[in-house]
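Here's the structure we're looking at; comments come further down.
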Amino acid sequence: MNDRIKKLYSLLEDEALDVLFITLPKLVYYFTGFYSDPHERFMALICAKGEDPMLMVPVLDYEKAVRSTSLTRIVSHQDTDNPYEVLKRHLGNGISRMGIQAEHMNVKRYLALKEATGAAEIVQLDDRIADFRVIKSDQEIASIRRAIQCIEEAVRDTVQLVKPGVTEVELVAELEYRMKRLGAEGPSFDTMVLTGEKTGLPHGIPGTDAVREGEFLLIDAGVFMEGYASDLTRTFAVGEVSPRHKEIYETVLQANRSMIEAVRPGVPFGSLDHAARSVIESKGYGEYFITRAGHGFGLEIHEYPSIHGGNTDLVRQGMVFTAEPGIYMSGLGGVRIEDNVYVTQAGAEVLTTYPKELTVIGV
């Protein structure tokens, strides 16, 4: 039994549970080393009191599971089976308290698990499990570094293709092609390439809009490498942009740097948001900073913590999160500059290395 699964058994004891289920595929991987997307099929790591951990997978994943994990108790189910009946046969009776990941549990699965176990009490374990994962190991940081190197190289190569007339979706296709060529498992989220006024949309959707000279081009992209994510945003000038564009850019750049300088163990996350927001507000653009200042990431692209003004939780050494203040102005466009930050004893180590100064491209 590995150290991570031992933590689950400690959690089982702390919460007086009879059984707990890990159902999020990324977390099954975190605890077992086995990853698969089962789609609608049931898959779970199951820790029951007094029993060895059990991995339950669809039969089409059985051989892969055997090769991927050191767990010896692996159970499979066919598409013609009712997986909850299979589960019930392996669990036995006497279950009264069950632990689940509520954020990953739809109502249908919740009811099926409740019936299969006979549990009268359900305990949500999301916060406790998130706390297991928030401090990254040296191995995890190494994987994140490789994911960052991959996306930075892919962006660097793709930017060379930018010219007036090329469309957002064409640049998305080029960027994702390069990710895969560089060894990425795939994008860590929907790749975002936005031009012109659309850069003022924090979650804009790339389309057939063409790059035009005198406007911003925003690229927000990341990859999964060895299961771990990266998340990089840079905003570029396509040719010469207006003084207002430049002022907005320099304001966001200063906010980004101010936020990173504020990072150190023991300070509340809200103070990091404040460090970025106060810069933007001092320049008169406070109403256009409509997002939080950052978020944690690792096996998932969005993990604890959420870095916003109301978060009083404290920064801890070993955490990894983004620093991504922005200004988003309808009719003009926007700027986001996003770095990936690792918290050390001394403060912040910025893992991203892509230049942040305003860069002119496409001419």
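So the values come out like this:
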{"read-out": "Phi-based couplings in Hz for region 244-259 (Karplus 6.51, -1.76, 1.60; Gly and Pro marked x)", "value": "5, 4, 5, 5, 4, 4, 5, 5, 5, 4, 5, 5, 4, 5, 5, 4"}
{"read-out": "Distance from region 319-363 to region 286-313 (C-alpha centre basis), Å", "value": "13 Å"}
{"read-out": "Spherically averaged projected area in nm², based on the convex hull that wraps the Cα atoms of the chain", "value": "19.2 nm²"}
{"read-out": "Pair Ser137, His39: separation of 7 Å Cα→Cβ label points (nm)", "value": "3.2 nm"}
{"read-out": "Using θ = phi - 60° and Karplus 6.51 cos²θ - 1.76 cosθ + 1.60, couplings along region 341-353 (whole Hz; Gly, Pro as x)", "value": "10, 10, 7, 10, 4, 8, x, 10, 9, 7, 7, 6, 10"}
{"read-out": "Rel. contact order, % - alpha carbon contacts under 8 angstrom, at least six apart, the chain", "value": "14 percent"}
{"read-out": "Spread of Cα-to-Cα distances over 5 Å intervals beginning at zero, given as percent, for region 257-363", "value": "2, 12, 22, 24, 18, 12, 6, 2, 1, 0"}
{"read-out": "Spatially proximal lysines relative to Lys7 (Cα-Cα < 21 Å; intrachain offsets below 8 disregarded)", "value": "Lys26, Lys49, Lys136"}
{"read-out": "Leu351 long-range amide H proximity, modeled H, under 5 Å", "value": "Asn340, Val341, Tyr342"}
{"read-out": "Å² per residue, accessible surface of the chain at 1.4 Å", "value": "44 Å²"}
{"read-out": "Per-residue HN-Hα couplings for region 177-186 [Karplus 6.51, -1.76, 1.60; θ = phi - 60°; Hz; x = Gly/Pro]", "value": "4, 5, 3, 5, 4, 8, x, 5, 6, x"}
{"read-out": "Long-range amide H partners of Glu303 with built H, under 5 Å", "value": "Gly296, Phe297"}
{"read-out": "Carbon and sulfur %, accessible surface of region 260-361 computed with the full protein complex present, 1.4 Å", "value": "50 percent"}
{"read-out": "Lysines with Cα under 19 Å of Lys108, excluding same-chain neighbours fewer than 8 positions away", "value": "Lys88"}
{"read-out": "Distance from region 215-248 to region 33-98 (C-alpha centre basis), Å", "value": "42 Å"}
{"read-out": "Once the Cα gyration tensor of region 6-45 is diagonalised, semi-axes √(5λ) in Å", "value": "22, 12, 5"}
{"read-out": "Accessible carbon and sulfur surface of region 171-255 relative to its total accessible area, %, 1.4 Å", "value": "52 percent"}
{"read-out": "Under 17 Å from Lys356, Cα to Cα: lysines that are on another chain or at least 8 residues apart", "value": "Lys246"}
{"read-out": "Sparse-neighbour loop sites [trypsin sites (Lys or Arg not before Pro); region 1-88; at most 12 other C-beta within 10 Å; DSSP]", "value": "Arg73"}
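The values are calculated or read from the model by the stated rules, or taken from the named source; none is laboratory data. Small disclaimer: the values here were computed from a predicted structure and weren't measured. So basically every Cβ, Gly included, is an ideal-geometry build from the backbone, and we count neighbours across all protein chains shown. The accessibility values were calculated without ligands, DNA or RNA, using every heavy atom of the protein model including side chains. Shrake-Rupley method; radii C 1.70, N 1.55, O 1.52, S 1.80 Å.
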